[in-house]
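A.B. asks: Quick one: structure below, then a few questions.
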Amino acid sequence: MEECINLLNEQLALIDKLLKEVDLRLERDRKVPDSSETVKTTVNTSISNGCPQYYLRTGSSPKVYAGKADMPRVKRIVQHYYDIAVREAMLKTRELLVTFISKYDPDVVRHVYENMSEARKRLVKSLLPTDTEFIESWLQDNPGVGNPYHEERVYQTDSGEMVRSKSEKIIADLLHRNQIPYQYEPKLEFRRGQFVFPDFAVLNVRKRKTIYWEHLGMISDGDYASKALHKIMEYESNGYYLGEDLIITMESDITPLNMKMIEKKIGKYIL
């Protein structure tokens, strides 16, 4: 349900952008020498032998046929009234969106359950699993340590598992510190039956979305970097896109792991 509110906010941002554009158009109209006359003039249309005919009418005066020489003025008048009409329509739509967004609760089902007394909760089966139930189910469905590669895991994380590098320990400890559910080196199957083992599978509890995290720790090594690029392309060809379903962190001999960037990515994509 959160995707719905995101789409509405995107629509609101688009309307605001278009309102600025139409306001600029109307402001330019006001600077045209005969703009006051344009406001008083309307355009009537008809069809003759399949061709549109245009007529100009100012105030209560009779309408006058618009010839070829009059067409630039006709276009400006029709554009002016279109801009006014579309501006009014967008303002009404914007007001409706703002009101709806302010009252819309994407987590209404969860909140109804959470606001019940503990005694009542014991008697009710929630329509959606609680966060605790969802996390437990997610951990079971995404078991860790699936990589059969037997390089020794020598670094122990704060949550107790063993990982292969100091950088992986740092990432795991930050996830643990932020109470983010994760699994180390889960087994992920791609479309053609190929298996990969991401460094981490991470759960965005709020969105109930799985995100995979790959740390590229030897990016200064040419062969390693080439394989890493291929791995990222394989993720994306299988529907896992950077910034959506996939997080990448990197380090090299001269560029150490950026702790602040890790924290920013956790805040942006996971929390």
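The values are calculated or read from the model by the stated rules, or taken from the named source; none is laboratory data. For clarity, every value in this text was computed on a predicted model and none was experimentally measured. Virtual Cβ from ideal backbone geometry, glycine too; neighbours counted across all protein chains shown. What goes into the accessible areas is simple: the full protein's heavy atoms, side chains included, and nothing from ligands, DNA or RNA. Shrake-Rupley method; radii C 1.70, N 1.55, O 1.52, S 1.80 Å.
A.B. asks: Quick one: which residue in 97, 91, 123 is of a type in the set (A, V, I, L, M) and more than 28 Å from residue 12 (Cα to Cα)?
C.D. replies: Values: 97 fails: more than 28 Å from residue 12 (Cα to Cα); 91 fails: more than 28 Å from residue 12 (Cα to Cα).
It is 123.
A.B. asks: Can you pull out the residues in segment 193-224 that are among the aliphatic types (A, V, I, L, M), more than 26 Å from the chain's Cα centre (by Cα) and under 22 Å from residue 259 (Cβ atoms)?
C.D. replies: The first filter runs over segment 193-224 and keeps only residues among the aliphatic types (A, V, I, L, M), leaving 196, 201-203, 205, 211, 216, 218-219.
Cutting the leftovers down to more than 26 Å from the chain's Cα centre (by Cα) gives us 196, 218-219.
Residues satisfying the conditions are 218, 219.
A.B. asks: Within segment 1-24, how many residues are open to solvent by 80 Å² or more (accessible area, probe 1.4 Å), modelled with pLDDT under 90 and charged (D, E, K, R)?
C.D. replies: Here the count works out to 1.
A.B. asks: May I pose another question? Among the aliphatic types (A, V, I, L, M), within 26 Å of residue 206 (Cα to Cα), without any contact (Cβ under 8 Å) to a residue 60 or more places away in the chain and surrounded by 15 or more Cβ atoms within 10 Å (Cβ to Cβ), is that true of residue 139?
C.D. replies: Working: among the aliphatic types (A, V, I, L, M): yes; within 26 Å of residue 206 (Cα to Cα): yes; without any contact (Cβ under 8 Å) to a residue 60 or more places away in the chain: yes; surrounded by 15 or more Cβ atoms within 10 Å (Cβ to Cβ): yes.
Judged against the criteria, residue 139 is a match.
A.B. asks: Based on this model, can you work out whether residue 112 counts as aliphatic (A, V, I, L, M), under 26 Å from the mean Cα position of the chain (by Cα) and farther than 18 Å from residue 186 by Cα?
C.D. replies: Working: aliphatic (A, V, I, L, M): yes; under 26 Å from the mean Cα position of the chain (by Cα): no; farther than 18 Å from residue 186 by Cα: yes.
For residue 112, the condition - aliphatic (A, V, I, L, M), under 26 Å from the mean Cα position of the chain (by Cα) and farther than 18 Å from residue 186 by Cα - is not met.
A.B. asks: Here's a follow-up. Looking at 153, 208, can you tell me which residue is surrounded by 14 or more Cβ atoms within 10 Å (Cβ to Cβ) and either in contact with a Phe, Trp or Tyr (Cβ under 8 Å, 6 or more places away or on another chain) or within 27 Å of residue 6 (Cα to Cα) (or both)? So that I can check it myself, show each step before the final result.
C.D. replies: Values: 153 fails: either in contact with a Phe, Trp or Tyr (Cβ under 8 Å, 6 or more places away or on another chain) or within 27 Å of residue 6 (Cα to Cα) (or both).
Of 153, 208, the one residue that is surrounded by 14 or more Cβ atoms within 10 Å (Cβ to Cβ) and either in contact with a Phe, Trp or Tyr (Cβ under 8 Å, 6 or more places away or on another chain) or within 27 Å of residue 6 (Cα to Cα) (or both) is 208.
A.B. asks: Considering segment 156-170 alone, what residues qualify as being exposed (fewer than 15 other Cβ atoms within 10 Å of the Cβ) and touching a residue at least 12 places away in the same chain (Cβ under 8 Å)?
C.D. replies: Start the filter on segment 156-170 by keeping residues that are exposed (fewer than 15 other Cβ atoms within 10 Å of the Cβ), which leaves 156, 158-160, 162, 166.
Answer for segment 156-170, where residues must be exposed (fewer than 15 other Cβ atoms within 10 Å of the Cβ) and touching a residue at least 12 places away in the same chain (Cβ under 8 Å): 156, 158, 159.
A.B. asks: Could you grab me the full set of residues in segment 178-199 that are touching an Asp or Glu at 6+ places or on another chain (Cβ under 6 Å) and surrounded by fewer than 19 Cβ atoms within 10 Å (Cβ to Cβ)? Quick ask: steps written out before the conclusion?
C.D. replies: The initial filter retains those residues of segment 178-199 that are touching an Asp or Glu at 6+ places or on another chain (Cβ under 6 Å), namely 184, 195, 197-199.
Scanning segment 178-199 gives 195, 197.
A.B. asks: Scan segment 203-216 and report the pairs whose first residue is more than 15 Å from residue 235 (Cβ to Cβ) and of a type in the set (S, T, N, Q) and whose second residue is open to solvent by less than 40 Å² (accessible area, probe 1.4 Å) and in a strand (DSSP E or B), with Cβ atoms within less than 7 Å and a gap of 6+ or a chain change.
C.D. replies: 204/211
A.B. asks: Quick check on this structure: which one of 242, 229, 271 is under 25 Å from residue 6 (Cα atoms), open to solvent by 80 Å² or more (accessible area, probe 1.4 Å), without any contact (Cβ under 8 Å) to a residue 12 or more places away in the chain and among the aliphatic types (A, V, I, L, M)? Give the derivation first.
C.D. replies: Numbers: 229 fails: under 25 Å from residue 6 (Cα atoms); 271 fails: without any contact (Cβ under 8 Å) to a residue 12 or more places away in the chain.
Matching residue, one of 242, 229, 271: 242.
A.B. asks: Shifting gears a bit: Looking for something of a type outside the set (A, V, I, L, M) and in contact with an Asp or Glu (Cβ under 6 Å, 6 or more places away or on another chain) - is there at least one such residue anywhere in segment 35-47? Give the steps one after another, and end with the answer.
C.D. replies: Within segment 35-47, the first condition is being of a type outside the set (A, V, I, L, M), and the residues that meet it are 35-38, 40-42, 44-46.
Now restrict to residues that are in contact with an Asp or Glu (Cβ under 6 Å, 6 or more places away or on another chain): 35.
Yes, segment 35-47 contains at least one residue that is of a type outside the set (A, V, I, L, M) and in contact with an Asp or Glu (Cβ under 6 Å, 6 or more places away or on another chain).
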